[in-house]
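Asker: Next up is a structure, given as structure tokens.
The values are calculated or read from the model by the stated rules, or taken from the named source; none is laboratory data. What you are looking at is a predicted structure, and each value in this text was computed from that prediction instead of being measured. Virtual Cβ from ideal backbone geometry, glycine too; neighbours counted across all protein chains shown.
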Amino acid sequence: MEFCYNWIGLYVCIYGACIAYISNDVIEYYLSSPVTGDTMSIAEEHLGYSEDILQGNNLTSLASQLKKSSIWYFWWN
């Protein structure tokens, strides 16, 4: 669980994300606005945090979605 707390701190401190929902297998963050800049690096971070987020898509698609959404959703099977 310590690994999870480290990622939570990263998203809160660096991106200003607020935890909107948390359970035993889901974390959802809210950002005041979508991120800008190098979203490919952020997408790689997200994939490292939760491999399930790709849902059959690819990393480029995830990076593109990050530019449009202020909700970050992660889950684990």
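Asker: Can you tell me which residue in region 48-73 is surrounded by the most Cβ atoms within 10 Å (Cβ to Cβ), limited to those that are modelled with pLDDT under 90 and not small (Gly, Ala, Ser)?
Answerer: It comes out as 49.
Asker: Report the residue count in region 1-36 for those that are exposed (fewer than 12 other Cβ atoms within 10 Å of the Cβ), modelled with pLDDT of 90 or more, closer than 19 Å to residue 65 by Cβ and out of contact with any strand residue (DSSP E or B) (no Cβ under 6 Å at 6 or more places or on another chain).
Answerer: Count: 2.
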